[in-house]
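Quick notes on the structure that follows.
The values are calculated or read from the model by the stated rules, or taken from the named source; none is laboratory data. The shown structure was predicted, so the numbers you read here are calculated from the model rather than taken from an experiment. Cβ placement follows ideal geometry from the backbone for every residue including glycine, while neighbour counts extend to all protein chains displayed. With ligands, DNA and RNA removed, areas are computed over all heavy atoms of the protein, side chains included. Shrake-Rupley method; radii C 1.70, N 1.55, O 1.52, S 1.80 Å.
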Amino acid sequence: VGDNFGGTIGVIDNSVINEYEEYLISFFTTSPVQSSNAFTMPEIELLCETGLGNQDIPNPKIRMHISRDGVLFENPRTREMGKSGERLRRVIWYKNGRVNARCVLKFVCSDPVPRRWYGVDLKLKGSV
């Protein structure tokens, strides 16, 4: 694959975690979680492959941002994704507060490790 700006040649591959010597930043957002009434989110779990630490990044991290209005995101909260071999580690955020009617979650990883995200499991209290 050629670079439009510098003429550099690269390769597209699922195992690539950098682009021309710079680490890739990956993120995804959820669809809005909506309700006609307020609700709380006592537990949010990112379903992902864990235990992917390496020599450079022994315990990679992922950040979760919450938008309580669907537009502006709060400061992130960080969790560890597990050292090499910690495949049973769960990535969970507790005590995520109250939402009036709608929220969107954004997950961001900038550590140079493979990213395999499968979904998000939300435990909600109140009306949804």
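Results, tabulated for the structure shown:
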quantity	calculated
Candidate set: region 30-41, residues that are closer than 18 Å to Trp117 by Cβ and surrounded by 14 or more Cβ atoms within 10 Å (Cβ to Cβ); chosen: the one modelled with the lowest pLDDT	Val33
Unmet requirement for Tyr118, which otherwise passes all of (1) of a type in the set (Phe, Trp, Tyr); (2) over 20 Å from Leu24 (Cβ atoms); (3) within 14 Å of the chain's Cα centre (by Cα)	(2)
Residue in region 104-115 that is open to solvent by 60 Å² or more (accessible area, probe 1.4 Å) and not polar (S, T, N, Q) present	no
Conditions (1) open to solvent by 20 Å² or more (accessible area, probe 1.4 Å); (2) farther than 17 Å from Trp117 by Cα; number of the one not met by Ile66	(1)
Residues of region 44-86 classified as out of contact with any Asp or Glu (no Cβ under 6 Å at 6 or more places or on another chain), free of Cβ contacts under 8 Å to residues at least 40 places away in the same chain and part of a loop (DSSP other than H, G, I, E, B), total	17
Number of positions in region 87-101 that are in a strand (DSSP E or B), surrounded by 15 or more Cβ atoms within 10 Å (Cβ to Cβ) and of a type in the set (D, E, K, R)	0
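Yes/no matrix, rows are residues, columns are (1) at pLDDT 95 or above; (2) of a type in the set (Val, Ile, Thr); (3) crowded, with 17+ Cβ neighbours inside 10 Å:
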{"position": "Glu43", "(1), (2), (3)": "yes, no, no"}
{"position": "Leu46", "(1), (2), (3)": "yes, no, yes"}
{"position": "Ile62", "(1), (2), (3)": "yes, yes, yes"}
{"position": "Met81", "(1), (2), (3)": "yes, no, yes"}
